[in-house]
Amino acid sequence: MKVRSLVASTLSAAVLSACSESTAPESTPANQAPYSDSLPEARVPVSGVVFDPEALFYSFMTWPVPPDDPEGPPPPALLYGVPTVMRAAVWGARIDMVDPGGQVVDSSGPALPPWGNFQTRGLAADPSRVYSMRAEPTPELSVGAGDFFPEEEGFAPIPAVPYHATTTLRPVAPTGAQCLIQAPVMVGEAGALGALAQTLSVETGTATTVSGLVDPSSGRSVVLIWMYAPSPVLDTFMFPSGDIAAETTVGTLYAIEWAPPSGAPGESQMGFTAIRGGVSSIGYYALVVPPGTSGEVAVNFVDTLTDPEEGRPWIVPPFNAAGLLPGLSFARLHAVAPEEDPPPNPYEEEYPAPDFSFLCYPPFPEE
């Protein structure tokens, strides 16, 4: 989060004595540059944290908490000071801002420890332009913050596996002076991708590697879609949501499940499995779209659980995407708890709508 400050300067002038008969020589301006009314194009930096959502979930589920601890593990929330975020931060990743055609128009330096902070140089200040964030691996990449959370103290290590370029399917439009609180993701081979490659190997009878599965040159699109429970603050809390069914209009959908790692066949290093069809108990799905597929991709969700205490069934937004780029993408979605409109209060003062331009959501289309 960068705060710009305005530095004011003052100029002083010397006053000639009125009693002197001499005249001061004409001064010559120090700056002889020609005047121009053209200014450099305004730039809007994009900043936030880059993290592995599977490592965040895995850290939350395996956090070493004493049985008599009433508070339990830290929440899986993108909040500063929450240790599960530090464990899931992808240190060293580079963030590219990508236009709809797949061209990189802006980049960041390596994401910094301990929270995975990044900031790009800046996008052109034009809210009509929409971009995606793509996290790119570097040789310096690391996940898990092992020095802070050692295995000998009960912390399950985040497996050191290859990570792959991941496009976050959350549009970014430079609507303000800065694009803050952005959260691009990057996933590796120890989670759903490792499980999906094993499942596809069994289905096709041909060995499938993760690198081959997500290779953009194959023309295939692999989209990981995680539907989370309603978040009390923006989209920062990522509690899993079970019993939400999914159906796709394009490609093949796999339900992603999780259990403590046991080394069972079809299981990835962090305990994920991929099952064709079915309903994920953690709201996590993998969509495989074959090469040559065109048109809009839609995945519709339905909450199959009725629980008045939790406000279920929840309202579950669909996932829609047009023109998916080949390679690996990730969509982070949240269900919404239905709310009853309170009775109108004639004495309530009206306040202006909050300004969320710093989140850089694209403008809503005019009806």
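Taking the Cα atoms only, what angle lies between the long axis of helix 192-204 and the longest principal axis of the chain, rounded to 10 degrees?
Approximately 40 degrees, to the nearest 10.
Explain nothing, just compute: Karplus ³J(HN,Hα) = 6.51 cos²θ - 1.76 cosθ + 1.60, θ = phi - 60°, for every residue of the range 242-259 in order, whole Hz, x for Gly and Pro.
x, 6, 10, 7, 9, 9, 10, 8, 9, x, 10, 9, 10, 7, 9, 10, 9, 8
How much net charge surrounds residue 279 when only other residues with a Cβ under 11 Å from its Cβ are counted (Lys, Arg +1; Asp, Glu -1)?
It works out to a net charge of -4.
Could you give the length gained on full extension between residue 112 and residue 65, defined as 0.36 nm per residue of separation minus the Cα-Cα distance, in nm?
Once the chain is fully extended between residue 112 and residue 65, it gains 14.1 nm.
Heavy-atom accessible area per residue, the chain, 1.4 Å probe: how many Å²?
Averaged over the residues of the chain, the accessible area is 56 Å².
Amide H neighbours of residue 107 under 5 Å, at least 5 residues apart or on other chains, H built in the peptide plane: list them.
For residue 107, whose amide H was placed from the backbone, the distant partners under 5 Å are 97, 121, 122.
Treat each spin label as a single point 7 Å out from the Cα along the C-beta direction, and report the residue 302 to residue 126 distance in nm.
Going from the residue 302 label point to the residue 126 one covers 4.3 nm.
Can you send over the carbon and sulfur percentage of the accessible area for the chain, probe radius 1.4 Å, protein chains only?
56
For the range 311-367, state which chymotrypsin sites (Phe, Trp or Tyr not before Pro) are in a DSSP loop and have at most 13 other beta carbons lying within 10 Å of their beta carbon.
Those that pass, being in a loop and sparsely packed, are 347, 356.
Pop a pseudo-label 7 angstrom from the Cα along the beta-carbon direction at both residue 202 and residue 153 and give the gap in nm to one decimal.
Spacing of the two 7 Å Cα→Cβ label points: 3.8 nm.
Report the full-extension gain for the segment residue 355 to residue 247: residue separation times 0.36 nm, less the Cα-Cα distance, to one decimal in nm.
Once the chain is fully extended between residue 355 and residue 247, it gains 35.4 nm.
Taking K and R as +1 and D and E as -1, what net charge do the other residues with C-beta under 12 Å from the C-beta of residue 186 add up to?
-3
Which value, in nm² and rounded to one decimal, describes the direction-averaged projected area of the C-alpha convex hull of the range 133-256?
11.6
For residue 76, what is the net charge nearby, where nearby means another residue's Cβ is under 15 Å from its Cβ and Lys, Arg count +1, Asp, Glu -1?
Overall, the nearby charge balance is -2.
For the chain, modelled as a GNM with alpha-carbon contacts under 10 angstrom, which of 357, 329, 132 fluctuates the most?
357
As an exercise, use a Förster radius of 25 Å and the Cβ-Cβ distance of residue 275 and residue 217 to find the FRET efficiency, rounded to the nearest 0.05.
0.35
If packing is taken as the mean number of other Cβ atoms within 10 Å per residue, what is the order of 296-302, 282-288, highest first?
282-288, 296-302
The values are calculated or read from the model by the stated rules, or taken from the named source; none is laboratory data. Quick caveat: nothing in here was measured; it's all calculated off a predicted structure. Cβ coordinates were reconstructed from backbone atoms using ideal geometry, including for glycine residues, and neighbour counts include every protein chain displayed. Quick note on the areas: whole protein, heavy atoms, side chains included, nothing else; ligands and nucleic acids left out. Shrake-Rupley method; radii C 1.70, N 1.55, O 1.52, S 1.80 Å.
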